[in-house]
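For reference, the structure is listed below as structure tokens.
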Amino acid sequence: MIHIKKTMCVCAVVIAVISHISPVFGAFEYVGLGWPAVTANIRVLGQHPHHFVVNPALMERGLHPRICLSYQKPFQSLDLQAGSVTIHHSIWQRPYIHSLEYFGDEQYSELKFINGTTWKLEKGFRVGMALNYHRLSMSGFNSQQALTLSLSSYAELSDQIKVGSVVEHVIQWGQDINLPQKFQMGGQYEIGPATMALALEKESALPVEVCLGLLISSGSFWQIGVGYRDLSGMMSAGWRIRTQRIAFHYTCVVHPYLPVSHGFGLELLFP
């Protein structure tokens, strides 16, 4: 019964917004940025700051402060650039995540600033909230801005099975940009050194997209991963190497109709 109860709590965030899904208007968010891009950009699950940005409920108390820098060259033949700075830390035993993300070129750019935190409701179950600021700029036009609120949850059904969910932009202030609501729900199964993840994404009027990811790790020193998204046909792969105070990762995203994207990331862990 406790497992059923936790699963229902994870899904409950959907019920509040299922009848308020808006039309698809808004900025394009590049899905190839950061370490989650390796496993098909599944961000509802994972133990990396780039996962915490979308689902703050993944954070636990006692995490060491960490700074993550990421750079991506989206679609090699274009002039687009993408990057992020992400910081997580704790204040009075409460974990927080802050992230600044950029995507664009000289003519068009998107800036996103995210602040999130989490609450523990019971053992193995947490909920999170993120406040997001979006700024869209285009040459020859006035900049547009929006402020949104996202809700998330995470539950550990057993030592091997975890589930998570996120509703992005459930509430929006400012009508300059009409950002589409996006629902994501996923589960992961850990067996030995392998972690298998499955997630479903639904963005407004778009069909449901199935995301598959596989991550293999050797302790905490190295990780390799692959991913696939069925709706867009995107495939991804990458690796990550970590020492006691520093980590470095590489990601590659292959789109069926666009040039390949390459990205790198540096992480600094503080005592």
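The values are calculated or read from the model by the stated rules, or taken from the named source; none is laboratory data. Just so you know, these numbers come straight off a predicted model, no measurement behind them. Don't worry about glycine lacking a Cβ; one is built from the backbone with ideal geometry, like all the others, and counts go over all protein chains shown.
When LYS162 is tested against the conditions (1) surrounded by 17 or more Cβ atoms within 10 Å (Cβ to Cβ); (2) assigned to a loop (DSSP other than H, G, I, E, B), the lone failure is (2).
When the criteria are applied in full, SER70 fails the requirement of being of a type in the set (Ser, Thr, Tyr), part of a loop (DSSP other than H, G, I, E, B) and either over 12 Å from the mean Cα position of the chain (by Cα) or modelled with pLDDT of 50 or more (or both). Condition check for THR195 on (1) buried (at least 21 other Cβ atoms within 10 Å of the Cβ); (2) touching a Ser or Thr at 6+ places or on another chain (Cβ under 7 Å); (3) assigned to a strand (DSSP E or B): one failure, at (2).
So, of the residues in segment 215-255 that are among the basic types (Lys, Arg) and buried (at least 21 other Cβ atoms within 10 Å of the Cβ), which turns out to be farthest from HIS48 (Cα to Cα)?
So in segment 215-255, the residues among the basic types (Lys, Arg) come out as 229, 240, 242, 245.
Adding the requirement that they be buried (at least 21 other Cβ atoms within 10 Å of the Cβ) leaves 229, 240.
Details: ARG229: 20, ARG240: 11 Å.
Only one residue fits best here, namely ARG229.
Return a yes/no flag: does segment 129-147 have any residue that is of a type outside the set (Phe, Trp, Tyr), surrounded by 15 or more Cβ atoms within 10 Å (Cβ to Cβ) and over 24 Å from VAL31 (Cβ atoms). Scanning segment 129-147, I find no residue that is of a type outside the set (Phe, Trp, Tyr), surrounded by 15 or more Cβ atoms within 10 Å (Cβ to Cβ) and over 24 Å from VAL31 (Cβ atoms), so the answer is no.
Select from segment 95-128 the residues that are on the phi > 0 side of the Ramachandran plot and either surrounded by 20 or more Cβ atoms within 10 Å (Cβ to Cβ) or charged (D, E, K, R) (or both) and list them in ascending order. So that I can check it myself, show each step before the final result.
Narrowing segment 95-128 to residues on the phi > 0 side of the Ramachandran plot: 104, 124.
The one that is on the phi > 0 side of the Ramachandran plot and either surrounded by 20 or more Cβ atoms within 10 Å (Cβ to Cβ) or charged (D, E, K, R) (or both): GLY104.
Check segment 206-214 and report whether any residue there is of a type in the set (Gly, Ala, Ser) and in contact (Cβ under 8 Å) with a residue 24 or more places away in the chain. Give the derivation first.
Filtering segment 206-214 for residues of a type in the set (Gly, Ala, Ser) gives 213.
Okay, now just the ones that are also in contact (Cβ under 8 Å) with a residue 24 or more places away in the chain, so 213.
Checked segment 206-214: at least one residue is of a type in the set (Gly, Ala, Ser) and in contact (Cβ under 8 Å) with a residue 24 or more places away in the chain.
The condition (being within 26 Å of VAL163 (Cα to Cα) and in a strand (DSSP E or B)) is satisfied by just one residue among GLY233, GLY225: GLY225.
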